[in-house]
Amino acid sequence: MLEKYIEKKLVAEVKKIGGIAAKFISPGLDGMPDRLVLLPLGKMAFVELKAPRKKPRPLQIRRIKQLQKLGFTCYVIDDVEQIGGILDEIQSS
């Protein structure tokens, strides 16, 4: 399974529940997560997508930790089976 497939599934599932999974591109700030998930009622999280069993690069890990220190929620998804649970977590936060 490719990362692109997981990403498309995430975008579709977010759209189903009335949200946006914006592609997040930050020129000059490498290592930022792939998607910014924005859900109804002001719920949001950063999501890094990976192919199955692949791990974030060291720079991505540092960036995720930096965002978490600032109080933002971040997830790494490497399996479509994780999507539903993560969206539930974001909605209930």
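Values in this text are rule-based calculations from the coordinates and carry no lab data. It should be emphasised that the depicted structure is a prediction, and the values quoted were computed from it without experimental measurement. Neighbour counts run over all protein chains shown; Cβ positions are idealised from the backbone, glycine included.
The C-beta contact set for the range 14-34 (first residue among the charged types (D, E, K, R), second residue buried (at least 16 other Cβ atoms within 10 Å of the Cβ), distance under 6 angstrom, 6+ apart or interchain) comprises D34/E48; D34/L49. For P58, the conditions (1) free of Cβ contacts under 8 Å to residues at least 24 places away in the same chain; (2) within 17 Å of I6 (Cα to Cα) all hold with the exception of (2).
Quick one: in the range 24-48, which of the residues that are small (G, A, S) and farther than 17 Å from V76 by Cβ is surrounded by the fewest Cβ atoms within 10 Å (Cβ to Cβ)?
Initially, the range 24-48 is screened for residues small (G, A, S), giving 26, 28, 31, 42, 45.
Imposing the further condition that a residue be farther than 17 Å from V76 by Cβ reduces the set to 26, 28, 42.
Numbers: S26: 10, G28: 4, G42: 6.
If we take residues in the range 24-48 being small (G, A, S) and farther than 17 Å from V76 by Cβ, then G28 is surrounded by the fewest Cβ atoms within 10 Å (Cβ to Cβ).
Can you find a residue in the range 74-81 that is surrounded by fewer than 16 Cβ atoms within 10 Å (Cβ to Cβ), more than 13 Å from V14 (Cβ to Cβ) and free of Cβ contacts under 8 Å to residues at least 12 places away in the same chain? Yes; the residues of the range 74-81 include at least one that is surrounded by fewer than 16 Cβ atoms within 10 Å (Cβ to Cβ), more than 13 Å from V14 (Cβ to Cβ) and free of Cβ contacts under 8 Å to residues at least 12 places away in the same chain.
Out of the range 41-73, which residues are of a type in the set (S, T, N, Q) and within 21 Å of E13 (Cβ to Cβ)? Passing the criteria: only T73.
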